[in-house]
Structures are given as C-alpha cells and as structure tokens.
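Okay, structure first, notes after.
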Amino acid sequence: MERLDISLKNVNEVYDGPEGVLWELIMGEQIHVGGFKSSMMLAQNAGIQPGWRGLDLCSALGAGCRFLVKNFNVSMCGLDGTQTMHAKAQARAQEEGLADRIEFKLGDVTEIPWVDNTFDFVWGEDAWCYVNDKARLISEATRVLKPGGLLVFTDWIEGAAGLSDDEARRINSFMKFPYMENQKGYEKLFADNSLTLLESTDLTEEYAGYVDLYIKMLVDQLSYDALKIIGDNLELFQAMGGEMAFMGEKAHEGKMGRGRFICRK
Ligand SMILES: C[S@@+](CC[C@H](N)C(=O)[O-])C[C@H]1O[C@@H](n2cnc3c(N)ncnc32)[C@H](O)[C@@H]1O
C-alpha cells in the first residue's frame, strides 16, 4: 500500500487540537473501538497477570494504563508523542489516585526510551496505524520486552478484500495514517522479529458495526457537542460525516477494519 507523507508532527496536530477532543467525545477516554469490552478481551486473551509491568505504546489519555492497573493489578508505563495527551494522561492518573502505579513519558514509539528486556508485556490499542515505520515500532517493542514477554495489541488494518490506491489515499488522508498494515503484513513483522504468534484475529466485521454506531451517535445525539468542538463549522461536520460514512462502507466491504494480535518474545 502507498505510504502517505504523514509524520508524528501531523499526528500531533490532530491530538493537540479539536480533532483529538472529538475522538474522545465519540469513543470516551479509551480512544479505541470497543472501549472497556475490547480491552478486557485483549487482556484476558493475553493472560495478563497481577504484578506484571507493562508498557502502553501510544497511550493517549492514559485510560488503557488506568484500565490495566485497576482491573489486572499491574504497574504500567505509557509512551505517547503528543504533549496534550501526555499532560492529560498524567493529570487523569493523578485524579484517579493511580499516579504512583503509572509512569508516562513523552516520546516517539519508534525510539522507545526504556532499556532492553524491561517489560512483561507491551500493549497497544488502535494507534499503531499512525506510525509510518511499523518495522521499527515492532523491533523496538520486541527489544524492551523481557524474554517470554508478550506483545499485545489491536490496530486498524487494511481488510482482506484490500483497498484500491484511491480508497486508501482518501481514508488515510482523512485519518492522518501514513498507511494501514494488513494482517499478513503484521504477521510478517512478527516473524522478522522472531516472535511466536499466539493470536491473529480479523475483527473487521465487528469494526464495521462500530463505525455505524459512531455515525449514529454523532447524527442522532452528539451533534451539538461535536459542532462546539470544531467551532460550530457545519460544513466541516458534514464533510467529516461523509468521510466516516465512506470508511463504514469500505469496512462493510471487508476492505478496512481492525485486528487483534498477541505474540510471545
Ligand atoms: C487513537 S489514540 C490512542 C488511543 C489509546 N491507545 C487508547 O486506547 O486510549 C492515538 C495516539 O497515538 C499517538 N501517536 C501516534 N503516533 C505516535 C508515535 N509515532 N509515537 C508516539 N505516539 C504516537 C498520538 O499522539 C495519540 O495520542
């Protein structure tokens, strides 16, 4: 798939600005498809154990870290490259009385600022689609895992039916993704890093239903709030709705979706 010239700087513009707030309105503090339910399934499938130390790559508001600390009694580190997200993550961990069990760092996930063999698991939810150099991301994640540690994540992926170049360009430009990996592409990256694949699940059908849900929420319930976030720009609101509808259409065609992946180092 063609890679768009989108860097962390472009992603920062989204998550430092109104678009990031809009994603929180639609998805909640856990800015990923399926929220709590999806995180629970991911953690249970991976067999996350009390006392483990984890690293959330692209931790955004830190809700993934808070979820894991509260429900799985682990300690967490979170790495995110956007200043606004980093500051909010720290503040919200403090507000929930969890700051002593979560450490957040500001930085790029392709240059992870921790030493080798540090973590029992590396975690990610619906965010690595923003990363251009996914080979580097997976090799960095592998480096900081302890031997036997788990790589555990969900991500937006290109579906098995495949997007045309025009379709991919339209979706990736709107979402600010350089490109989306596909299931086979991720599996190759795991093999390149000598990771043992434990789970690779295509969640595309379920994903399509979520896109429908988000559009329905925006149109039937949250229009005022969404418009307020984007400066009451009705034209922009309608244009964004059109792009989301296009993504929904492609998801129902099996051309874009989401996957869940678990590997062992
Ligand atoms: C969809 S949000 C992540 C949501 C989060 N995983 C959750 O479940 O709540 C995407 C996040 O990825 C971060 N991000 C994107 N590319 C990054 C990179 N190269 N390095 C660090 N953070 C990055 C953005 O700053 C943003 O906060």
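Annotations
- Under-5 Å amide H pairs with Ile157, H placed in peptide plane, nonlocal only: Gly257, Arg258, Gly259
- Folded to 0 to 90 degrees: helix 134-144 orientation relative to the chain principal axis, Cα: 30
- Principal semi-axes in Å for region 22-148 [√(5λ), Cα gyration tensor, largest first]: 19, 17, 15
- Peptides 163-169, 127-133 ordered by packing proxy, namely the average of other Cβ atoms within 10 Å per residue, highest first: 127-133, 163-169.
- For the pair Arg170 and Thr84, a Förster radius of 30 Å applied to the C-beta separation gives a FRET efficiency near 0.65, rounded to the nearest 0.05.
- P(r) histogram, all alpha-carbon pairs of region 110-166 included - 5 Å bins from 0, percent: 5, 17, 24, 23, 15, 7, 5, 4, 1
- Nearest 10 degrees, 0 to 90: helix 18-27 Cα axis against the chain principal axis: 80
- Axis of helix 183-192 versus longest Cα principal axis of the chain: the two differ by about 30°, to the nearest ten degrees.
- Here region 146-191 is treated as a sphere whose radius is the Kirkwood value from Cα pairs; by Stokes-Einstein at 37 °C and 0.692 mPa s it diffuses with a coefficient of 269 µm²/s.
- Fraction of accessible area attributable to carbon and sulfur, the chain (%, probe 1.4 Å): 50
- Ranking Val74, Asn172, Met85 by how far each Cα lies toward the positive end of the dipole of the chain (charges on Cβ) leaves Val74 at the top.
- For region 164-259, the spread of Cα coordinates along the three principal axes comes to 50, 24, 23 Å, biggest extent given first.
- Taking only the alpha carbons of region 8-264, we obtain Rg and Dmax values of 17.5, 52 Å in that order.
- Entries of Lys88/Lys228; Lys134/Lys265; Lys184/Lys250; Lys105/Lys134; Lys184/Lys228; Lys9/Lys88 with Cα pairs more than 29 Å apart: Lys184/Lys228
The values are calculated or read from the model by the stated rules, or taken from the named source; none is laboratory data. Here the structure is a predicted model, which means the values were calculated and not measured. When we count neighbours, we look across all protein chains shown, and the Cβ atoms used for this are built from the backbone with ideal geometry, even at glycine. The area values use the complete protein model at the heavy-atom level, side chains included, leaving out ligands, DNA and RNA. Shrake-Rupley method; radii C 1.70, N 1.55, O 1.52, S 1.80 Å.
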